1. With the condition kept exactly as written, say whether any residue in region 61-68 is out of contact with any Lys or Arg (no Cβ under 6 Å at 6 or more places or on another chain), buried (at least 21 other Cβ atoms within 10 Å of the Cβ) and assigned to a helix (DSSP H, G or I).
2. Restricting to region 153-187, what's the tally of residues that are over 13 Å from the mean Cα position of the chain (by Cα), surrounded by fewer than 23 Cβ atoms within 10 Å (Cβ to Cβ) and either at positive phi or touching a residue at least 60 places away in the same chain (Cβ under 8 Å) (or both)?
3. Give me the pairs: first residue in region 236-265 and over 19 Å from residue 169 (Cα atoms) and outside any loop (DSSP other than H, G, I, E, B), second residue modelled with pLDDT of 95 or more and among the β-branched types (Val, Ile, Thr), beta-carbon distance under 7 Å, and six or more apart or on different chains, which are they?
4. Out of contact with any His (no Cβ under 7 Å at 6 or more places or on another chain), surrounded by 17 or more Cβ atoms within 10 Å (Cβ to Cβ), among the aromatic types (Phe, Trp, Tyr) and within 19 Å of residue 163 (Cβ to Cβ): is that true of residue 224 in this structure?
5. Please tell me if residue 121 is under 23 Å from residue 22 (Cβ atoms) and of a type outside the set (Phe, Trp, Tyr).
6. Look through region 188-204, keep the residues that are of a type in the set (Val, Ile, Thr) and free of Cβ contacts under 8 Å to residues at least 24 places away in the same chain, and return whichever of them is surrounded by the most Cβ atoms within 10 Å (Cβ to Cβ).
Amino acid sequence: MTVALRLLTDRRRALMWWAIAVTGLVLFTVSLYPSLKQQASIDELVTGLPEAFQTMVGYQAGVSLTSPAGFLHARLFATVLPVLLLALGIGAGARAIGGAEEAGTLEPLLANPVSRRRVALERYAAVLVQLVGVVGVFAAALMVLAPRFGALGSVAPGTLAVACTAVFGLVLVHATLAFAVGAATGRHGPAVAVAAAVAVIGYLTQSLLTAEGAGGWARGLSPWSWYLDGNILIDGPSPVALWGPIPLCAVLLAAGVARFCRRDLR
């Protein structure tokens, strides 16, 4: 795993800042809970909004936004956390092959006695490790800091771990897409653009179709629909949210690696 370790070593400073960022996000978010948990007017305000806006802010019917599960789902798991992790995952995936090729650092690596397939797979493994590390820091920070402000309530550590696994799966799909496009094209920009566009379109489509109560089959194809199917801290993620990303990522990875092994470097 020399190739993967080298990439992780090069990214260690950036990963340290990502860990600090997610810890700060958790601290800032849970510190707001004591001042909001007695505000029943928040639920009245949100229930008066159009259904599309309720979906976008993470509101689930029957779950108060002032309860720990409702608060954490709306403030973190359904909104800010996926966006933050998508920025990390898409950037890391696009940079692994496409970014390195554009920067001119990939060709010297391939001049060594190492196959393209090994380079691609180890660099993808490094992307996985980066995501696992930051998600792990987030989960640890939430379990340590949230109880101090009463923001975890009856949410069990196991439920929290499964919820973090679900958001990891959502992000991994888009990170793998960015990796595959970067590996297939040798370019960083298109990899970021395609993965980000798919993430935004998927989120907006899922939110709007849910609000309209239409397009059930189309929503069922979206990783966002798998992930946002109910309050993730009360109902738990659906089985497809946990297992669906695996075959999808495998197909994207295989396509990207196959194209990378056949084409000429830029």
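1. Checked against the condition, which is being out of contact with any Lys or Arg (no Cβ under 6 Å at 6 or more places or on another chain), buried (at least 21 other Cβ atoms within 10 Å of the Cβ) and assigned to a helix (DSSP H, G or I), region 61-68 yields at least one hit.
2. So the first thing to find is which residues in region 153-187 are over 13 Å from the mean Cα position of the chain (by Cα), and the list is 153-162, 179-187.
Pick out the ones that are also surrounded by fewer than 23 Cβ atoms within 10 Å (Cβ to Cβ) and you get 153-162, 184-187.
Those left that are additionally either at positive phi or touching a residue at least 60 places away in the same chain (Cβ under 8 Å) (or both): 153-155, 159-160, 162, 184-187.
Total satisfying the criteria: 10.
3. 260/97
4. The answer is yes for residue 224.
5. Details: under 23 Å from residue 22 (Cβ atoms): no; of a type outside the set (Phe, Trp, Tyr): yes.
Against the criterion (under 23 Å from residue 22 (Cβ atoms) and of a type outside the set (Phe, Trp, Tyr)), residue 121 does not qualify.
6. Start the filter on region 188-204 by keeping residues that are of a type in the set (Val, Ile, Thr), which leaves 192, 194, 198, 200-201.
With the extra rule that they be free of Cβ contacts under 8 Å to residues at least 24 places away in the same chain, the set shrinks to 194, 200-201.
On the way: 194: 19, 200: 12, 201: 12.
For region 188-204, the residue satisfying everything is 194.
The values are calculated or read from the model by the stated rules, or taken from the named source; none is laboratory data. The structure presented is a predicted model; accordingly, all values stated were derived computationally and were not measured. We place every Cβ from the backbone using ideal geometry, glycine too, and count neighbours over all the protein chains shown.
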